[in-house]
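These notes concern the structure reproduced below.
The values are calculated or read from the model by the stated rules, or taken from the named source; none is laboratory data. Everything numeric in this text was worked out from a predicted model, so none of it was measured. Reconstructed Cβ throughout: ideal geometry from the backbone, glycine too, with neighbour counts over all protein chains shown. Just so you know, the surface numbers come from the protein's heavy atoms only, side chains and all, with ligands and any DNA or RNA stripped out. Shrake-Rupley method; radii C 1.70, N 1.55, O 1.52, S 1.80 Å.
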Amino acid sequence: MLKKYNNSIQRNVRHSERNNRHPEHNNRHSELVSESLTSPLLNKLLTIAIFCLMLILNTSCHKQTPRETSRQTHQTRTTRQTSQSSSHQLTIGFSIDTLAIERWQRDMDVFINKAKELGADVIVQNAGNSIEEQNRQLMYLLERNVDAVVVLPKDAESITESVQKLRAKGIPVISYDRLTLNSDISLYLTIDSEKVGEQMAQEMLRRAKGENWYCILGPAEDYNMTLIMEGIDRIIRTTPVHLNHTFYTDGWNYDLSYQEMVRILKEDIFPDAIICGNDAVAASVIDAINRYYPDTHIPVCGQDADISACQYIVQGKQDFTIYKPIIQLAEVAAECAVHLAHQEDISENRFRIRPINNGYGDIPTIWLEPTYVDKYNLDKVIIDSGFHSASSIYK
């Protein structure tokens, strides 16, 4: 094997010497190589290589800083969002438990008008006092991919799963006037119901001549009834007042509240005062009193300042009501829904925002102030504000 290796070396040496003796042979060999390198295919390859090299050098010379890259990305995103927002028609879903009550009809009318003024369409879903139907309708709004949802829940805990599905899709949810429990709602907007209860108790203390009080409220699942009772208890706990019984009117069924008042008049300790969950409940209570004790005045109050309640106050049948600025409430709800749909913050400078814990966490809450109304301030609070006209009250 060593012999073969030596022979190979000797051949290479002889070949090198021969080339040195014949330089013309070497030149011819170089010319052949040159000719092969200048073939059309190789020309193309060289052109591509040179172009790539120039591109790399140009990119390295103009490399963006992270700040410039971030700014460009932000500008692109902003341009895209602006283009989408300018072409996209906002749609807000409003899920309400019932429209059978005068109060809610008015809220809805004001909300729709304000939303349209702000450039948004509204899809109204009336659950007809059905928990199952309300959940189905919320899923319908999810399928419609609305930009925001406002919900007036029938039951404080019945729509938790539906709300979570809406939130998981990035749709903001506003709980309107009734708190939705144990769910990630974006905002709660309401009249301060604890203050409603406080005002009811304070004003009733000035009017009632006895200590035997009754409460005939709305459904137990309406969280506002819980807050009203907390307000009432806070005022009467240090007084001689005895709250004989609290009745919760299932489904706001006014036949049930009427029957409860009849039972109290016939079977229970005679009432010195009746605090009612709203003015419609108060009207059913007054009907029972007028039927069985037409010549006896029992102080009665409600809330909402319905037209019939204002008429009863003027006539002396109902002592007072609690006026809740529902026009302002509905308009603010529409404004907030549009802001949240645009992913804008709600200004704390404009609204009194105080969080409330709904079992899921601390929920940003806008609180509006209630005002008690009796025959002495009715004209100023109700008529001068345009809530009801003088001709509709003083018939």
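Please work out which one of (1) open to solvent by less than 50 Å² (accessible area, probe 1.4 Å); (2) out of contact with any Phe, Trp or Tyr (no Cβ under 9 Å at 6 or more places or on another chain); (3) in a loop (DSSP other than H, G, I, E, B) is the condition L179 fails and give its number.
Only one criterion is unmet by L179, namely (2).
Among what's in segment 337-360 and is over 19 Å from K169 (Cα atoms) and touching a residue at least 24 places away in the same chain (Cβ under 8 Å), pick the residue that is farthest from the chain's Cα centre (by Cα).
If we take residues in segment 337-360 being over 19 Å from K169 (Cα atoms) and touching a residue at least 24 places away in the same chain (Cβ under 8 Å), then G359 is farthest from the chain's Cα centre (by Cα).
Which residue pairs have Cβ atoms closer than 9 Å, lie 6 or more positions apart in sequence or on different chains, and pair a first residue in segment 375-395 that is free of Cβ contacts under 8 Å to residues at least 12 places away in the same chain and assigned to a helix (DSSP H, G or I) with a second residue that is exposed (fewer than 12 other Cβ atoms within 10 Å of the Cβ) and of a type outside the set (A, V, I, L, M, F, W, C)?
Taking only residues 6 or more apart or on different chains, the pairs are I383/S389.
Does segment 348-373 hold any residues that are touching a strand residue (DSSP E or B) at 6+ places or on another chain (Cβ under 9 Å), open to solvent by 50 Å² or more (accessible area, probe 1.4 Å), under 17 Å from S186 (Cβ atoms) and part of a loop (DSSP other than H, G, I, E, B), and which are they?
Matches in segment 348-373: R354, P355, P364.
Is it the case that D250 is out of contact with any strand residue (DSSP E or B) (no Cβ under 8 Å at 6 or more places or on another chain), surrounded by fewer than 16 Cβ atoms within 10 Å (Cβ to Cβ) and farther than 16 Å from I298 by Cβ?
Values: out of contact with any strand residue (DSSP E or B) (no Cβ under 8 Å at 6 or more places or on another chain): yes; surrounded by fewer than 16 Cβ atoms within 10 Å (Cβ to Cβ): yes; farther than 16 Å from I298 by Cβ: yes.
When the stated conditions are applied, D250 passes them.
Please work out if N129 is open to solvent by 10 Å² or more (accessible area, probe 1.4 Å), within 26 Å of N357 (Cα to Cα) and touching a Gly at 6+ places or on another chain (Cβ under 6 Å).
Values: open to solvent by 10 Å² or more (accessible area, probe 1.4 Å): yes; within 26 Å of N357 (Cα to Cα): yes; touching a Gly at 6+ places or on another chain (Cβ under 6 Å): yes.
The answer is yes for N129.
V149 is checked against (1) touching a Pro at 6+ places or on another chain (Cβ under 9 Å); (2) of a type in the set (A, V, I, L, M, F, W, C); (3) modelled with pLDDT under 95 and fails just one. What number does that condition carry?
Only one criterion in (1) touching a Pro at 6+ places or on another chain (Cβ under 9 Å); (2) of a type in the set (A, V, I, L, M, F, W, C); (3) modelled with pLDDT under 95 is unmet by V149, namely (3).
Just wondering, is there one or more residues in segment 227-238 that are in contact (Cβ under 8 Å) with a residue 40 or more places away in the chain, β-branched (V, I, T) and either in a loop (DSSP other than H, G, I, E, B) or within 21 Å of L205 (Cα to Cα) (or both)?
Yes.
If K266 satisfies every condition in (1) over 28 Å from T98 (Cα atoms); (2) in contact with a helix residue (DSSP H, G or I) (Cβ under 8 Å, 6 or more places away or on another chain); (3) outside any helix (DSSP H, G or I) but one, which is the exception?
Condition (3) is where K266 drops out.
Can you list residue pairs whose Cβ atoms sit under 7 Å apart, with the first residue in segment 200-221 being outside any strand (DSSP E or B) and the second being open to solvent by 60 Å² or more (accessible area, probe 1.4 Å) and among the acidic types (D, E)? Count only pairs 6 or more apart in sequence or on different chains.
From segment 200-221, the pairs are P219/D250.
Pick from Y323, Y292, Y312: which is closer than 19 Å to W104 by Cα, open to solvent by 20 Å² or more (accessible area, probe 1.4 Å) and not polar (S, T, N, Q)?
Details: Y292 fails: closer than 19 Å to W104 by Cα; Y312 fails: closer than 19 Å to W104 by Cα.
On inspection, the qualifying residue turns out to be Y323.
Kindly evaluate V163 against the criterion of being under 18 Å from H339 (Cα atoms) and either touching a Ser or Thr at 6+ places or on another chain (Cβ under 8 Å) or aromatic (F, W, Y) (or both). Quick ask: steps written out before the conclusion?
Values: under 18 Å from H339 (Cα atoms): no; either touching a Ser or Thr at 6+ places or on another chain (Cβ under 8 Å) or aromatic (F, W, Y) (or both): yes.
Answer is no for this residue.
Restricting to segment 269-308, and then to whatever is of a type in the set (F, W, Y) and in a loop (DSSP other than H, G, I, E, B), can you tell me which residue is farthest from D255 (Cα to Cα)?
Per the stated criteria, the residue is F270.
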